[in-house]
Amino acid sequence: MDISHIEHIGIAVKNLDESIKLYENILGMKCYRIEEVKDQKVRTAFFKIGQTKLELLEPTDTTSPINKFIEKRGEGLHHIALNVDNVNTALNELFVKGIKLIDEKARDGAEGLQIGFVHPKSANGVLLEFCSSK
Ligand code: ZN
């Protein structure tokens, strides 16, 4: 598996608009994209830092996994996304090595990326996302 860089860091927030203000007004960053990912019941906002992004995630529904996360653990660091050449190849490789996966096959994420999650139980309590542009 060839991990090229941290594609983004996902942060769970209760109120996307309020959180955008923090990053724009206090930290001087610029939100370049807001996107709703219906599949995951979230609204996302993206900021770029070099080739890595921050992805703020706001639940759009009480059944959203992000809402469940916030209810259980509060707002904060949600996941780290690693960029690979091909998500399905990476997920297959991990599966063969006995790693517990949330997604055995890639699905559509924000920004037109293919994404797949590894179970935190297999990654020191960290929710790892793999993503690729194909
Ligand atoms: Zn993500």
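Every number in this text was worked out from the coordinates using simple rules, so none of it is lab data. Note that this is a predicted model, so its numbers are computed, not measured. Cβ placement follows ideal geometry from the backbone for every residue including glycine, while neighbour counts extend to all protein chains displayed.
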>> Out of Glu58, Glu75, I need the residue that is free of Cβ contacts under 8 Å to residues at least 60 places away in the same chain and either in contact with a strand residue (DSSP E or B) (Cβ under 6 Å, 6 or more places away or on another chain) or surrounded by fewer than 15 Cβ atoms within 10 Å (Cβ to Cβ) (or both). Which one?
In response: Glu58
>> Anything in the range 83-112 that is surrounded by fewer than 19 Cβ atoms within 10 Å (Cβ to Cβ) and within 11 Å of the ligand (Cβ to nearest atom)? List them, or say none.
In response: Glu111
